[in-house]
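What follows is a single structure, written as structure tokens, with notes after it.
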Amino acid sequence: MDTLSQLEDNLPNNFNPIIHSDQGWHYQLDYYREKIDSLGLIQSMSRKGNSLDSAPMESFFHLFKVESQPEIKKCKNISQFT
């Protein structure tokens, strides 16, 4: 819910982005889906048993993590990481 609250505070008017995830437990919660609807977000969810649905985002986050690791390893505490 924190992510949605942050998005709500920064979402431009007349802008309806797609929010994508796998079929995690939070996407089954009524209050979470209601918040997505109230913000005008388009919900995208992988189909069960179809890992190709998430392939583009999984690839992006993999590259992001790999390319960020050298910098992350330099962090000695959470303040430096943040």
Between the modelled labels at Ser59 and Ser44 (7 Å from Cα along Cα→Cβ) the distance in nm is 1.3
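What is the gain in length, in nm to one decimal, between His26 and Asp2 on full extension, counting 0.36 nm per residue of separation less the C-alpha to C-alpha distance?
On the way: separation 24, 0.36 × 24 = 8.64 nm, distance 1.23 nm.
Here the answer is 7.4 nm.
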Here region 57-70 yields Karplus 3J(HN,Hα) values (6.51, -1.76, 1.60; θ = phi - 60°; whole Hz; Gly and Pro given as x) of 6, 4, 5, 4, 5, 4, 4, 4, 5, 4, 6, 8, 4, x
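Bear in mind these aren't lab numbers, they're just calculated from the coordinates by the rules spelled out. Everything quoted here is computed from the prediction, not taken from an experiment. Positions of Cβ are generated from backbone atoms using ideal geometry, with glycine treated the same way; all protein chains shown enter the neighbour counts.
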